[in-house]
Each structure stands twice: as structure tokens, then as C-alpha cells.
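The next block holds one structure in the form of C-alpha cells; read it before the comments.
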Amino acid sequence: MAWYERVAGLRVTLRTPDLAVLDVGGDVAGVVLVRSESVTPARLWFEVADAAAVAREVGTTTFPIPTGLTAEVVDPWGNKVGFTDYTLRPELARR
């Protein structure tokens, strides 16, 4: 969970040995992460102010999308996690 707190800036609101809930802010319920051998890895994208800065922090590169830039990494549990900004379409940003 420290990875999500450090890299994504998310707060862990509930933690048990087999699951964690991450607060993503706003009216969204959150992200639930479950430790299980039978669960298929997920793909998560989070909105950030600067995807290039996140990419530098996690040691990856960015790629362009219509709204700005995105950086993707694989978390320690095999989930693909994207960090995207809205630098090209700031009117669509939720921040």
C-alpha cells in the first residue's frame, strides 16, 4: 500500500490482510485492491497534474493521448497503473 501512497498520492482508508481500499477523492467510492491468486490483474488510470513528473519518479516514459500525456507502470501485484494528465484539454480535468 505504501507504493500507492507514495507513487499515486492515494490514502489507504481500509486495510486488512487480504484487501485495501484507496481513497481517490471526490464522489468516487475508491479503489479496492484484493490479494488473491484467482483475480486477474487490473488496469487503473489516475488523473495527475503532470504525467511527465510521475514518469520520472517511477522510472518510465510517457506517451501522448488526446488529452495530454500518460505514464504506465506495473504495480508490485501485476496491475497496470496509468497516470494521465489533461495538459492538452484542461477543461476536461477533474482536478
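The values are calculated or read from the model by the stated rules, or taken from the named source; none is laboratory data. Computed from a predicted model, the values in this text were never measured in an experiment. When we count neighbours, we look across all protein chains shown, and the Cβ atoms used for this are built from the backbone with ideal geometry, even at glycine. These accessible areas exclude ligands, DNA and RNA; they are computed on the full protein's heavy atoms, side chains included. Shrake-Rupley method; radii C 1.70, N 1.55, O 1.52, S 1.80 Å.
So the values come out like this:
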{"quantity": "Accessible area (Å², per residue) of the chain, counting only protein heavy atoms and a probe of 1.4 Å", "calculated": "64 Å²"}
{"quantity": "Filtered GluC sites (Glu not before Pro), the chain: DSSP coil and at most 13 other beta carbons within 10 Å", "calculated": "E37"}
{"quantity": "Charge sum, other residues only, whose C-beta stays under 15 Å from E57's C-beta, Lys/Arg counted +1 and Asp/Glu -1", "calculated": "-3"}
{"quantity": "Total formal charge among the other residues, if their Cβ is under 10 angstrom from that of L69, Lys/Arg +1 and Asp/Glu -1", "calculated": "-2"}
{"quantity": "Nearest-0.05 FRET efficiency for A53 and R15, computed from C-beta distance (R0 41 Å)", "calculated": "0.90"}
{"quantity": "Carbon/sulfur fraction of accessible area - the chain, other protein chains in place, 1.4 Å, %", "calculated": "54 percent"}
